[in-house]
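Working notes, structure below.
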Amino acid sequence: MSNKSKSKNKNEGKRDFLIVSTYAMAGIGAAAVAWPLIDQMNPAADTLALASTEVDISSLEEGQAITVTWRGKPVFVRHRTPEEIKLAKDVSLDDMRHPETDEERVPNEKFIVLVGVCTHLGCVPLGQKSGDVKGQYGGWFCPCHGSHYDHSGRIRKGPAPTNLEVPSYKFLSNNVIKIG
Amino acid sequence: MSKSKFKNPVVKWIDYRLPIFSFMDHELNHYPTPKNLNYFWNFGSLAGFALVTMIVSGIVLSMNYTAHVDYAFDSVERIMRDVNHGWLIRYIHMNGASFFFIVVYIHIFRGLYYGSYKAPRELLWILGVLILLLMMATAFMGYVLPWGQMSFWGATVITNLFSAIPFVGESIVTWLWGGFSVDNSTLNRFFSLHFVLPFVIVGVVILHLIALHRFGSNNPIGIDVRGTQDTVPFSPYYTIKDLFGLSVFLSFFAAAVFFFPNFMGHPDNYIEANPMVTPAHIVPEWYFLPFYAILRAIPDKLGGVLFMFGAIAVLFVLPWLDRSPVRSSQFRPIFKIFFWILFLDCILLGYLGAMPAEGIYVILSRIATAYYFFHFLILFPLLPYIEKTKPLPISISEPILGGGSTASAFAVREKK
């Protein structure tokens with residue numbers, strides 16, 4: 001009798017193993033099927049191929065700014081005046097929410113390059129056109145929720161948590177910047 | 001909440017208020033199913049699987065598709081080249097359509113062979129024919145979306161069928177097109193309808209299942225279930241059998257998707273639509289070929305269209321055309337022979353639909369078309385008067401076990 005129940009337990013163990021391994025395989029299969037359906041929403045190859053933009057800055061005079069598109073987002077390029085450069089460099093970092101020196105952010109002090117997207121909730125700040133409101137610190141001002149950026153694109157007042165992002169870029173020559 | 005069959009307290013709580021679990025238990029688990037079903041009864045669940053596959057892959061494709069004459073072709077090429085796994089998803093959708101039809105055609109021939117359309121399952125059958133019609137409309141409009149040469153000219157030819165209608169034909173075609181030729185408006189509405197019709201199909205499938213569960217499945221010997229000794233619970237017996245069938249189906253499907261993805265397509269559809277040039281030989285997708293052959297067999301525009309739609313219309317009234325009370329062909333020796341003639345006739349029509357409309361092919365198409373209608377309109381009503389059917393078994397259990405008094409699988413199950 002005891003022998004019989006022992007063999008029954010053994011069979012039940014086998015059955016449990018089969019059931020668990022079947023469910024496990026079904027789970028792996030379902031995940032393998034789901035992945036292509038999810039991954040197709042990620043950037044496609046042609047979208048990734050558009051990841052760099054070249055900008056000609058030869059006609060950009062002192063005090064002027066241009067906005068170019070990079071990965072579907074605006075990138076600000078501003079030719080800063082000596083006063084603006086001085087203001088950006090001579091400020092104390094102590095009170096800043098996101099302390100960074102101007103040298104860290106702007107390798108070529110004349111030309112500042114920034115991703116023109118407010119770090120709060122993604123609006124495009126004002127300040128590129130001559131008539132724009134530039135905020136209390138003279139750089140950029142986001143009209144959505146009132147973030148003020150200085151001449152180095154650093155957040156000085158308002159809800160944005162960090163400075164305007166600096167994209168990766170390099171000067172291909174004195175007049176051409178490659179962003180991305 | 002007295003005698004709930006569920007142990008899980010959350011399930012119990014929900015089921016008391018919304019008896020969804022009782023419903024599933026009743027229709028998918030306990031559901032009594034004839035115990036003698038053969039593998040031809042797998043094709044219903046396979047069709048359901050194909051429908052879900054088409055809807056899921058289609059929704060994903062629509063995220064990457066642009067319904068505009070200037071961009072449609074390129075957006076499909078982008079899916080094939082740039083979108084992550086886009087080639088896989090599109091080939092699943094493309095071949096899924098063919099496999100859906102393969103499965104559904106086998107399902108229909110199963111119904112014809114075993115007399116599944118007879119009382120009391122007439123509405124079940126009619127809903128099935130309606131699903132077939134909706135599938136055809138959906139498949140046709142889906143084929144237009146890649147905006148290749150076959151898409152464009154297929155759309156032109158098929159929409160022009162309606163111009164055969166006397167007096168209002170031309171206005172109807174203009175209305176279908178939203179212009180004076182197949183153009184951007186046509187593409188947009190076809191995309192919209194191609195997206196929505198599958199969900200209409202889901203609705204009709206639900207009605208189809210409600211009608212099915214009213215009297216349960218027919219079975220290979222075509223006699224009614226007499227009691228629990230003739231049935232087994234759907235789960236685990238048929239869930240496992242359906243899953244096994246599904247794995248066989250998926251093996252074939254995967255082979256097509258990965259190794260022969262364009263076998264059932266036309267190379268011409270990889271050339272962008274050009275309204276100025278018609279390809280030398282226009283053929284619809286293979287699943288329309290028998291109907292296309294009927295269309296071309298009739299040497300009259302309106303007649304051809306009427307016979308083509310008539311080929312499906314006869315299916316709607318089939319439960320009343322076939323006057324024999326015996327369902328399964330197993331007990332109808334003459335009907336069985338004619339069933340296979342009809343089957344070969346449909347294959348022949350399919351072959352002829354793919355051939356150019358000239359010479360011997362036209363003559364053969366006419367003979368095959370004549371037989372098709374002879375079978376449905378003359379043979380079905382008259383055969384019962386001539387045919388001597390074989391004696392029917394007393395019960396489903398009898399031919400297998402030599403008697404009806406065997407232990408019920410339900411009883412064994414309940415004991416546990």
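Read-outs throughout are calculated quantities, based only on the coordinates presented, and are distinct from any laboratory measurement. These numbers were taken from a predicted model, which means no experiment stands behind them. Cβ: placed from backbone, ideal geometry, glycine included. Neighbour counts: every protein chain shown.
Structure values in brief
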{"quantity": "Gyration tensor (alpha-carbon) shape descriptor, the range B:31-93, a/c threshold 1.5", "calculated": "prolate"}
{"quantity": "Between helix B:333-354 and chain B: long-axis angle, C-alpha atoms, 0 to 90°, nearest 10", "calculated": "20"}
{"quantity": "Inter-chain Cβ neighbour average for residues B:73-84, partner chain, 10 Å", "calculated": "3"}
{"quantity": "The range B:144-210 versus the range A:29-48: alpha-carbon centroid distance in Å", "calculated": "31"}
{"quantity": "Cβ crowding within 10 Å averaged over residues, with B:133-146, B:341-354 ranked highest first", "calculated": "B:133-146, B:341-354"}
{"quantity": "29 Å Cα-Cα threshold exceeded, pairs from A:LYS10/B:LYS12; B:LYS12/B:LYS118; A:LYS14/B:LYS5", "calculated": "A:LYS10/B:LYS12; B:LYS12/B:LYS118"}
{"quantity": "Residue exposure sequence - B:LYS241, A:LYS10 - by fewest surrounding Cβ within 10 Å", "calculated": "A:LYS10, B:LYS241"}
{"quantity": "Least to most buried among B:THR159, B:THR389 (fewest other Cβ within 10 Å first)", "calculated": "B:THR389, B:THR159"}
{"quantity": "Long-range HN-HN contacts of A:TYR169 with modeled amide H, under 5 Å", "calculated": "A:GLY180"}
{"quantity": "Translational diffusion of the range B:35-397, µm² s⁻¹ [Kirkwood Rh, Cα pairs; Stokes-Einstein; 4 °C; 1.567 mPa s]", "calculated": "59"}
{"quantity": "Signed unit charges on C-beta, dipole axis of the range A:1-143, positive-most listed residue A:ALA65, A:ILE38, A:CYS118", "calculated": "A:ILE38"}
{"quantity": "For residues of A:33-42, the mean tally of beta carbons on other chains within 10 Å", "calculated": "5"}
{"quantity": "Prolate/oblate/rounded call for the protein assembly as shown, Cα gyration tensor, a/c under 1.5 rounded", "calculated": "oblate"}
{"quantity": "GNM flexibility winner over chain B from B:GLY303, B:GLY44, B:GLY227 (Cα, springs under 10 Å)", "calculated": "B:GLY227"}
{"quantity": "Percent of C-alpha pairs per 10 Å bin, the range B:105-169, short to long", "calculated": "18, 31, 26, 22, 2"}
{"quantity": "Given charges at beta-carbon only (K, R positive; D, E negative), |dipole| of chain B in Debye", "calculated": "1800"}
{"quantity": "Nearest 10 degrees, 0 to 90: helix B:43-62 Cα axis against chain B principal axis", "calculated": "40"}
{"quantity": "Helix-only [θ]222 nm of chain B, DSSP H runs n ≥ 4, -39500 (n - 2.57) each, per residue, nearest 500", "calculated": "-20000 deg cm²/dmol"}
{"quantity": "Kirkwood estimate for the range B:345-396, i.e. one over the average of 1/r between Cα atoms, Å", "calculated": "13.4"}
{"quantity": "Longest to shortest principal axis, alpha-carbon extents of chain A, angstrom", "calculated": "99, 38, 28"}
{"quantity": "Part-to-part distance (alpha-carbon centres) for the range B:319-333 and the range B:77-103, which is given in Å", "calculated": "40"}
{"quantity": "Under 5 Å, built H, 5+ apart or other chain: amide partners of A:ILE57", "calculated": "A:VAL176, A:ILE177"}
{"quantity": "Alpha-carbon centroid distance for the pair the range A:137-164 / the range A:81-122, whole angstrom", "calculated": "10"}
{"quantity": "Rg to Rh, two decimals, where the range B:253-292 supplies the alpha carbon set and Rh follows Kirkwood", "calculated": "1.05"}
{"quantity": "Between helix A:2-39 and chain A: long-axis angle, C-alpha atoms, 0 to 90°, nearest 10", "calculated": "30"}
{"quantity": "Sorted by Cβ density within 10 Å, fewest first, the residues B:VAL168, B:VAL157", "calculated": "B:VAL168, B:VAL157"}
{"quantity": "Karplus-derived 3J(HN,Hα), 6.51/-1.76/1.60, for each residue of the range B:256-267, Hz, glycine and proline x", "calculated": "5, 5, 8, 10, 9, x, 9, 4, 9, x, 10, x"}
{"quantity": "GNM result for chain A, Cα springs below 10 Å: residue of A:VAL75, A:VAL166, A:VAL20 fluctuating most strongly", "calculated": "A:VAL20"}
{"quantity": "Value of [θ]222 nm, deg cm²/dmol, for chain A, DSSP H segments ≥ 4, -39500 (n - 2.57) each, nearest 500", "calculated": "-10000 deg cm²/dmol"}
